[in-house]
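One structure is given below, encoded as structure tokens.
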Amino acid sequence: MKSLLWTILFMLGLAGVVIPLTYLYTASKLPPLESEFDVEKQLKHSIEGERMSLRAGQSQRNPRPITFVRPDFSKLPKDLVALYIRHLECPRYFQTPREDGPAWAWRLFLGATVGTSPPGDGACERVLAMRIAAALGIEGTRERSVAAHRIHTFMQKDQLIAYDLSIIYFERGIVGVEDAALALFGRELSELKLEELAELQLALPPYSDYYGIKICKNPTVLRQDRNRLLEDLAAWRLVSEDRARNAMAQPLACAR
């Protein structure tokens with residue numbers, strides 16, 4: 001019994017040394033991640049390069065600038081945010097406090113070692129931070145987990161959403177929901193109606209059916225899927241039933 005206790009204490013002590021050293025070593029191999037400016041600077045370089053690669057082959061002037069602008073949560077349509085957090089499986093994302101401390105550290109540790117994450121809105125914070133890390137070109141679960149932790153230290157919950165929506169890759173030169181809105185609907189994101197935002201959600205994770213919407217493949221099925229999202233949104237009281245019902249009565253935008 002005494003030897004077992006000493007073994008447990010030894011293993012705990014070893015973990016208390018190895019884990020911090022592993023974290024510090026991994027962090028030293030990552031690009032600078034001390035502030036939002038570091039993330040913005042790196043994304044600006046990669047996303048503007050991606051957009052420029054498309055414009056170089058176009059004969060007509062594209063109305064959307066290639067400039068990557070710092071994501072601003074306040075400019076996102078509230079209905080799109082409601083749709084997005086619902087399908088992140090965190091409909092109460094903004095009604096719960098930001099996860100920090102031991103709970104957050106334990107979540108990252110489990111994600112990096114066994115590939116699972118405890119339930120709760122902190123799981124969505126981890127997913128969002130990991131996606132941003134991936135957009136920075138960081139490879140490997142351990143590396144992305146350390147980067148996610150660094151990102152999480154200076155980004156609030158709304159910033160994580162704003163950045164994630166601005167870095168989604170759809171196709172060559174089309175990055176972020178603003179580009180996708182113009183490509184799919186021919187209008188700015190801020191101009192889209194609820195039914196169009198629900199249609200756009202089908203192009204976003206977890207559905208990621210951008211090409212299906214772009215070519216309007218199986219419009220009957222797409223409309224059913226769109227209306228299912230709207231019904232679900234109303235069921236969670238993220239929009240009113242009247243607004244959802246009116247949106248469901250509208251034709252599919254891609255079929256107009």
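The values are calculated or read from the model by the stated rules, or taken from the named source; none is laboratory data. Model, not experiment: these values are computed from the prediction. As a convention, Cβ positions derive from the backbone with ideal geometry for all residues, glycine included, and neighbour counts pool all protein chains shown. Accessible surface is based on the protein model in full, side chains and every heavy atom, while ligands, DNA and RNA are left aside. Shrake-Rupley method; radii C 1.70, N 1.55, O 1.52, S 1.80 Å.
Remark: pairs (first residue in region 131-150, outside the structural domain of residue 50 (by the TED database); second residue open to solvent by less than 50 Å² (accessible area, probe 1.4 Å) and assigned to a helix (DSSP H, G or I); Cβ separation under 8 Å; 6+ apart in sequence or on different chains) are absent.
Here residue 87 meets the list (1) in contact (Cβ under 8 Å) with a residue 12 or more places away in the chain; (2) of a type outside the set (Lys, Arg); (3) out of contact with any Pro (no Cβ under 8 Å at 6 or more places or on another chain) almost entirely, failing just condition (3).
Of all residues assigned to region 221-235, none qualifies as being over 12 Å from residue 83 (Cα atoms), among the β-branched types (Val, Ile, Thr) and surrounded by 20 or more Cβ atoms within 10 Å (Cβ to Cβ).
Report whether or not residue 117 is modelled with pLDDT of 95 or more and in the same structural domain as residue 38 (by the TED database). Judged against the criteria, residue 117 is not a match. Being within 16 Å of residue 65 (Cβ to Cβ) and more than 11 Å from the chain's Cα centre (by Cα) is the filter here; which residues of region 159-176 pass it? 173, 174, 175 - these are the residues of region 159-176 that are within 16 Å of residue 65 (Cβ to Cβ) and more than 11 Å from the chain's Cα centre (by Cα).
Counting only residues that are hydrophobic (A, V, I, L, M, F, W, C) and free of Cβ contacts under 8 Å to residues at least 40 places away in the same chain, which one in region 106-127 is least open to solvent (accessible area, probe 1.4 Å)?
Going residue by residue through region 106-127, those that are hydrophobic (A, V, I, L, M, F, W, C) are 106, 108-110, 112, 114, 123-124, 127.
Subsequent filtering for residues that are free of Cβ contacts under 8 Å to residues at least 40 places away in the same chain retains 106, 110, 112, 114, 123-124, 127.
Values: 106: 136, 110: 31, 112: 40, 114: 93, 123: 24, 124: 6, 127: 52 Å².
Filtering region 106-127 for residues that are hydrophobic (A, V, I, L, M, F, W, C) and free of Cβ contacts under 8 Å to residues at least 40 places away in the same chain, the one least open to solvent (accessible area, probe 1.4 Å) comes out as 124.
Is it true that residue 197 is surrounded by fewer than 20 Cβ atoms within 10 Å (Cβ to Cβ), in contact with a Pro (Cβ under 9 Å, 6 or more places away or on another chain) and either more than 23 Å from residue 164 (Cβ to Cβ) or outside the structural domain of residue 88 (by the TED database) (or both)? In short, no. The set of residues in region 204-226 being farther than 21 Å from residue 175 by Cβ and without any contact (Cβ under 8 Å) to a residue 24 or more places away in the chain consists of 217, 218, 220, 221, 224, 225.
For region 74-91, does any single residue satisfy the condition of being at pLDDT below 95, open to solvent by 70 Å² or more (accessible area, probe 1.4 Å) and outside the structural domain of residue 180 (by the TED database)? Among the residues of region 74-91, at least one is at pLDDT below 95, open to solvent by 70 Å² or more (accessible area, probe 1.4 Å) and outside the structural domain of residue 180 (by the TED database), which makes the answer yes.
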